[in-house]
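*Asks:* A single structure is presented below for examination.
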Amino acid sequence: MTLQAEAKGVAEQRVTSFVDRVRAIRKSLHEVVVGQDETIDLLLTCARTGSHALLVGVPGLAKTLMVKALAASFRWKFSRVQFTPDLMPSDITGYELLGRDEASGAPRMTFRPGPVFANLVLADEINRAAPKTQSALLEAMAEQHVTVGGKTYPLEEPFLVVATQNPIEQEGTYPLPEAQLDRFMMEIHIDYPSPQQEEEIVMRTSGANVKLPESAFDREAFLELRDLVWSVPIPQSVAAYAVRLCGSSRPGDSRATKYIKDYVEWGAGPRGSQNLVRAAKARALLEGRTAPTIDDIGAVAPSVLRHRVMVNHRAVGDGINSSAVVAELLKTVPR
């Protein structure tokens, strides 16, 4: 056996091992949360790529349970922040407190870390916080550090934010700015369960508390998994399709159709193309394939692009939202 063939065999064995463990996590999450199969798969895609996710759904659809189960599966430090209008940036990042040096007894400022110093942060009802509080979380999401009192404190890897939004309550909310929305890899919509699933939920939750899954990955193993996803090769044709999708969503682009020019205010930027490819890589690995296809791009496109496409007033008047625009793109952009 040549060295090249031996190296290929080791790589395939490594991929198979990680795929089996991730599938075991997916199975354990499905045992904790009834239904929501697509939601769990999309959330796992964000987790395996080290990316942030935005969950949109009405109360009572197990959003918090889903995120806690995910943190338990990866043996992560988990924290939850309930966003309210009076929440301050220091309630998230931490604050400096006047104390005394243990050795000399002299007064000094001591930093007390906030809940953002975790591996997985659940930002519950994120759009209820004021913009200055949202911007504090944005720095952590974008730069993976926080600045307090002129000093920068790095956040430990992995660092993921899963935020939730309630789509039916609009009073007392502050819409997320486009710059922060763009930091989320996916906007994942959660729908009501079927009648059979709802019956199972009621039967399961009428007794003891739901048991969270056992840990399958420690921190080092997860970082190795994330690096494996990042290192998956991407065919040129798949990357080109991702770029065409995003480019065609911009009304000022020559590739845009009349539909896009009539209904879209702003299209997806380059981060949209990057996240399409990254999510497609994760999806391919979960399917046991070592390279993504155009079908993988199409499968993840609704969740990756819907919050990056801003419709105009004419679209609102005609009842067209960003999800409809993405569906149109998937039908019209050449594959």
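*Asks:* Among rounded, prolate and oblate, which fits region 254-308 when a ≥ b ≥ c are the square roots of the eigenvalues of its C-alpha gyration tensor, a/c under 1.5 means rounded, and a/b larger than b/c means prolate?
*Replies:* Here region 254-308 falls in the prolate category.
*Asks:* Quick check: net charge around Ala279, other residues with Cβ under 11 Å of its Cβ, Lys/Arg +1 and Asp/Glu -1?
*Replies:* Result for the neighbourhood of Ala279: +2.
*Asks:* May I pose another question? Under a point spin-label approximation (7 Å from Cα along Cα-to-Cβ), what is the Lys77-Ser254 distance to one decimal in nm?
*Replies:* 5.2
*Asks:* Compute the relative contact order of the chain as a whole-number percentage, counting only Cα pairs closer than 8 Å that sit 6 or more residues apart in sequence.
*Replies:* Here the relative contact order equals 20 percent.
*Asks:* A further question follows. With a 10 Å cut-off between alpha carbons and a GNM built on the chain, which of Gln274, Gln144, Gln236 moves the most?
*Replies:* Greatest mean-square fluctuation among the candidates belongs to Gln236.
*Asks:* I would also like to ask the following. Can you classify region 52-108 as rounded, prolate or oblate using the Cα gyration tensor, where a ≥ b ≥ c are the square roots of its eigenvalues, rounded means a/c under 1.5, and otherwise it's prolate if a/b beats b/c and oblate if not?
*Replies:* Oblate.
*Asks:* Multiply the residue gap between Trp266 and His313 by 0.36 nm, knock off their C-alpha separation, and tell me the result in nm, one decimal place.
*Replies:* 15.7 nm
*Asks:* Let me ask you something else. Just to be sure I understand the model, the point goes 7 Å from the Cα along the line to the Cβ. What's the resulting Lys211 to Leu65 distance in nm?
*Replies:* Taking the simple label geometry, Lys211 and Leu65 are separated by 1.5 nm.
*Asks:* If each residue's Cβ is checked for other Cβ atoms within 10 Å, how do Met203, Met185 rank with the fewest at the top?
*Replies:* Neighbour counts put them in this order, fewest first: Met203, Met185.
*Asks:* While we're looking at this one, here's another question. Give me the number: length gained by fully extending Ala130 to His145, i.e. 0.36 nm times residue separation minus the C-alpha to C-alpha distance, one decimal in nm.
*Replies:* Length gained between Ala130 and His145: 3.4 nm.
*Asks:* Test of understanding: express the Cα radius of gyration of region 232-335 as a ratio to 2.2 N^0.38 Å, with N the residue count.
*Replies:* Rg over 2.2 N^0.38 Å, computed on Cα atoms: 1.06.
*Asks:* Return the subset of Lys211/Lys331; Lys63/Lys132; Lys77/Lys281 for which the Cα-Cα distance in this structure is over 31 Å, preserving the input order.
*Replies:* Check vs 31 Å cut-off fails for Lys211/Lys331.
*Asks:* Continuing with this model, one more query. So for the chain: antiparallel DSSP bridges make up what percent, rounded to the nearest 5?
*Replies:* Taking every DSSP beta bridge within the chain, about 40 percent pair in antiparallel fashion.
*Asks:* So between Thr84 and Glu156, what do we pick up on full extension, going 0.36 nm a residue minus the alpha carbon distance?
*Replies:* Computed gain between Thr84 and Glu156 is 23.3 nm.
*Asks:* For the residue pair Glu200 and Asp227, what label-to-label distance in nm results when each label sits 7 Å from Cα along the Cα-to-beta-carbon direction?
*Replies:* 3.8
*Asks:* Cut-off is 10 Å between beta-carbons; in what order do His307, His145, His313 appear when sorted fewest neighbours first?
*Replies:* Going from least to most buried by this count: His313, His145, His307.
*Asks:* Taking the alpha-carbon centroid of each part, what is the distance from region 276-306 to region 72-88 in angstrom?
*Replies:* Comparing the Cα centres of region 276-306 and region 72-88, I get a distance of 28 Å.
*Asks:* Further question: For Glu96 and Lys27, what is the calculated FRET efficiency with R₀ set at 41 Å and r taken between the beta-carbons, to the nearest 0.05?
*Replies:* 0.35
*Asks:* Still on this structure: With r as the distance between the Cβ atoms of Asp20 and Asp191 and R0 = 30 Å, compute the FRET efficiency 1/(1 + (r/R0)^6) and round to 0.05.
*Replies:* It comes to 0.50.
*Asks:* Quick one: plug the Kirkwood hydrodynamic radius of region 1-133 (C-alpha pairs) into Stokes-Einstein at 25 °C, 0.890 mPa s, and report D in µm²/s.
*Replies:* Result for D is 135 µm²/s.
*Asks:* Just from the alpha-carbon atoms, what are the Rg and Dmax of the chain in angstroms?
*Replies:* For the chain, the Cα radius of gyration and maximum Cα-Cα distance read 21.6, 72 Å.
*Asks:* Set Lys and Arg Cβ to +1 and Asp and Glu Cβ to -1, take the dipole of the chain about its Cα centre, and tell me which of Trp266, Pro292, Leu176 lies farthest positive.
*Replies:* Pro292
Read-outs throughout are calculated quantities, based only on the coordinates presented, and are distinct from any laboratory measurement. Keep in mind the model is a prediction, meaning the values are calculated, not measured. Methodologically, a virtual Cβ is constructed for each residue, glycine included, from the backbone with ideal geometry; neighbour enumeration extends over all protein chains shown.
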